[in-house]
Structure formats: C-alpha cells, structure tokens
Amino acid sequence: MSITVRKALPSDGTLILSLVQALAAYEKLAPPDQEARKRLLTDLFSLRPRIDCYLAEADGEPAGYAFVLETYSSFLALPTLYLEDLFVLPECRGKKAGYALFTAMVGEARARGCGRMEWTVLDWNELAINFYRRSGARHMKEWHLYRLVKEDMERILDQK
C-alpha cells in the first residue's frame, strides 16, 4: 500500500468534514454542528488560516488527516507546532498511514523552524499512546492541561 501525505486544498472541504465526523464517532463525541463546520472550513482556507490540514491517502484513497497550528515558546524564542488532531480511518490503521502523517508533521515542524512539537492524547487511547511512545515522544507528567469553555470565559468577563 502506498501512503502519501499532502496539504489539504479548499476542494477537500467535504472530505475533511467527513474525517472530522469519523474522529468524533471514534472519540464518542458530538460532531461539529453546521455552523462549526462552516467556521472550520473558513479557518482552514481563509486568507489568514488559523490552522492547517494535511491529508493521508492510501493508494489514492482518503486514509486520515492531521490539523496543526503554531504556538510559541517564549523561553526557546521559537514556534511550537501543535498537533490538534491526528486521525486515521479504522480500515487504514496498521498500514503506516498514521506513521506517515506523524512523520510528515515532524518534518513540517522542522521546515517551520519549530523548537518542538506538542499534542494531547485521551487517556483511554492506548493505541495512540503506544504509538507515540514507540516514536520516542515524552509524556509531560509535570504539566497539567487546563481549559475554559465559552461559558466559563463569559462568566469571568461578566464578573469584571
């Protein structure tokens, strides 16, 4: 099986949305609603994209995708490539599509002059955790992920 990775084009919008839907099903989460799907495509393909998407293809057929964006390390004074999503369709797992996507993103981090690449993994996703361990990634135990959702942000701002 031949795996290729390429940057997504605006014409890939429907495919990207179907892959995001498949990831939502895999993670047992609600998929993006119609408005979120519109925003996602706008954020991918506007004049100043907020995120980039890369598609993996197995023998020319869709196999998976990765979303990346840059954050910044003030201590390194270098960008960090943040891997928001890396998803491979079930029928393409074990066929090196995930490895191809991952290594392509490592190459993208290098090409952008990033000092590091980071991502999060759900604690139940042993398949991904084991893959990342085999790749030499370090679990950052000393860092705790925190999140404010829109309602929390509104509450904070309303208290000012």
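The values are calculated or read from the model by the stated rules, or taken from the named source; none is laboratory data. Small disclaimer: the values here were computed from a predicted structure and weren't measured. Positions of Cβ are backbone-derived with ideal geometry, glycine not excepted, and every protein chain shown enters the neighbour counts.
Some values worked out for this structure:
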{"quantity": "Residues within the stretch 71-94 that are part of a strand (DSSP E or B) and farther than 20 Å from Gln21 by Cα, tallied", "calculated": "8"}
{"quantity": "Hey, Glu108 farther than 20 Å from His139 by Cα, touching a Ser or Thr at 6+ places or on another chain (Cβ under 6 Å) and touching a residue at least 12 places away in the same chain (Cβ under 8 Å) or not", "calculated": "no"}
{"quantity": "From the options Gly113, Gly107, residue that is of a type in the set (Gly, Ala, Ser) and part of a loop (DSSP other than H, G, I, E, B)", "calculated": "Gly113"}
{"quantity": "Residue that is modelled with the highest pLDDT [pool: residues in the stretch 107-128 that are under 14 Å from the mean Cα position of the chain (by Cα) and exposed (fewer than 15 other Cβ atoms within 10 Å of the Cβ)]", "calculated": "Thr120"}
{"quantity": "Unique match (being modelled with pLDDT under 95, assigned to a helix (DSSP H, G or I) and either surrounded by 10 or more Cβ atoms within 10 Å (Cβ to Cβ) or within 13 Å of the chain's Cα centre (by Cα) (or both)) among Phe131, Phe102", "calculated": "Phe131"}
{"quantity": "Subset of the stretch 1-35 [touching a residue at least 40 places away in the same chain (Cβ under 8 Å), out of contact with any Gly (no Cβ under 9 Å at 6 or more places or on another chain), closer than 23 Å to Ala111 by Cβ and in a loop (DSSP other than H, G, I, E, B)]", "calculated": "Ala8"}
{"quantity": "Every residue from the stretch 49-65 that is hydrophobic (A, V, I, L, M, F, W, C) and touching a residue at least 40 places away in the same chain (Cβ under 8 Å)", "calculated": "Cys53, Leu55, Ala56, Ala58, Ala63"}
{"quantity": "Residue match in the stretch 75-90 (condition: without any contact (Cβ under 8 Å) to a residue 24 or more places away in the chain, more than 23 Å from Thr4 (Cβ to Cβ) and under 18 Å from the mean Cα position of the chain (by Cα))", "calculated": "no"}
{"quantity": "Filter pass, Val68 being within 24 Å of Leu145 (Cα to Cα), of a type in the set (Val, Ile, Thr), in a helix (DSSP H, G or I) and under 15 Å from the mean Cα position of the chain (by Cα)", "calculated": "no"}
